[in-house]
Amino acid sequence: MNPLQHSFEQVFERIEQAKAANGRTENVQLLAVSKKKSASVIEEAYHLGQRHFGESYVQEALEKQATLKALPGICWHFIGPIQSNKTRDIASHFQWVHSVDRLKIATRLNEQRPERLPPLNICLQVNISAEASKSGATEADLPALVNAIKQLPCLRLRGLMAIPAATIDAQAQRLPFKAMADHLTRLNQQFALHMDTLSMGMTGDLEVAIAEGATIVRVGTALFGKR
Ligand SMILES: *Cc1c(COP(=O)(O)O)cnc(C)c1O
């Protein structure tokens, strides 16, 4: 078995074990985070059956997308910080954006989403550990953001994304993920929505995230090695 295939099988095994340990039966999607990895590595993963890829840098992603445009069914997720002057490229070249954290960005993505494409899937990034260094909306901002974004016709609000602060204490590690799940439930009730996505969990903490309800885990290092 080649090394990349082995890495994918190990990550799928981790996901399956975490689901089983927590009685989770619905699908947990693996988003392969391919930032700083070459188009040929992405193509290799594609031929192993992977379809969803996460990128953090617009220019780098566009170059790889151009190289790989012949691959049917490949699905690109933008997961990096968003500058206003990049929204047009993001709106036209991605199917998902996980890192929307302010209305200005959402408005621009809505206006710039090409008409020929289906609505852009959106997750709101939440600064769930309230870290000064991280982007993301505050928890207090969420209701107003959801209320505004749910009305934008070229966006489809799917849920929430977070990158919690790392902790060494396994119990403490669960708390931010649990808070995310609670926010999703509460926002769905408050606004009569059916948001279905919790994008949370990475190489170091995907089990904890799945225990608390992650529906997409974003994994880079465990699949592709160090960046
Ligand atoms: C890089 C990155 C990941 C992947 O992190 P790993 O620890 O390499 O699995 C996940 N999410 C975001 C937003 C990232 O920027």
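Test residue 214 against the criterion of being part of a loop (DSSP other than H, G, I, E, B) and surrounded by 13 or more Cβ atoms within 10 Å (Cβ to Cβ), and give yes or no.
Against the criterion (part of a loop (DSSP other than H, G, I, E, B) and surrounded by 13 or more Cβ atoms within 10 Å (Cβ to Cβ)), residue 214 qualifies.
Just the residues that are in a strand (DSSP E or B) and within 11 Å of the ligand (Cβ to nearest atom), please, taken from segment 187-211.
199, the sole residue that qualifies.
Output the residue which, of all residues in segment 212-227 that are over 17 Å from residue 166 (Cα atoms) and touching a Ser or Thr at 6+ places or on another chain (Cβ under 6 Å), is farthest from the ligand (Cβ to nearest atom).
Here the residue is 215.
Pairs needed: first member in segment 29-40, more than 28 Å from residue 18 (Cα to Cα); second member anywhere, hydroxyl-bearing (Ser, Thr, Tyr) and modelled with pLDDT of 95 or more; C-beta distance under 7 Å; at least 6 residues apart or different chains.
Listed pairs, sorted by first residue: 39/67.
Hey, could you check segment 90-133 for residues that are within 16 Å of the ligand (Cβ to nearest atom), small (Gly, Ala, Ser) and in a loop (DSSP other than H, G, I, E, B) and say which is surrounded by the fewest Cβ atoms within 10 Å (Cβ to Cβ)?
Restricting to residues being within 16 Å of the ligand (Cβ to nearest atom), small (Gly, Ala, Ser) and in a loop (DSSP other than H, G, I, E, B), the top hit is 133.
Can you tell me which condition residue 30 does not meet? The list is (1) over 16 Å from residue 216 (Cβ atoms); (2) within 17 Å of the chain's Cα centre (by Cα), and all the others hold.
Among (1) over 16 Å from residue 216 (Cβ atoms); (2) within 17 Å of the chain's Cα centre (by Cα), the lone unmet condition for residue 30 is (1).
So, in segment 22-61, how many residues would count as being hydrophobic (A, V, I, L, M, F, W, C) and out of contact with any strand residue (DSSP E or B) (no Cβ under 9 Å at 6 or more places or on another chain)?
Residues meeting the conditions: 3.
Collect the residues in segment 33-61 that are more than 12 Å from the ligand (Cβ to nearest atom), among the acidic types (Asp, Glu) and either within 11 Å of residue 80 (Cβ to Cβ) or not in a helix (DSSP H, G or I) (or both), keeping them in residue-number order.
Scanning segment 33-61 gives a single hit, 60.
The values are calculated or read from the model by the stated rules, or taken from the named source; none is laboratory data. What you see is a predicted model; the values in this text were computed from it and never measured. Backbone-built Cβ (ideal geometry, glycine too); neighbour counts: all protein chains shown.
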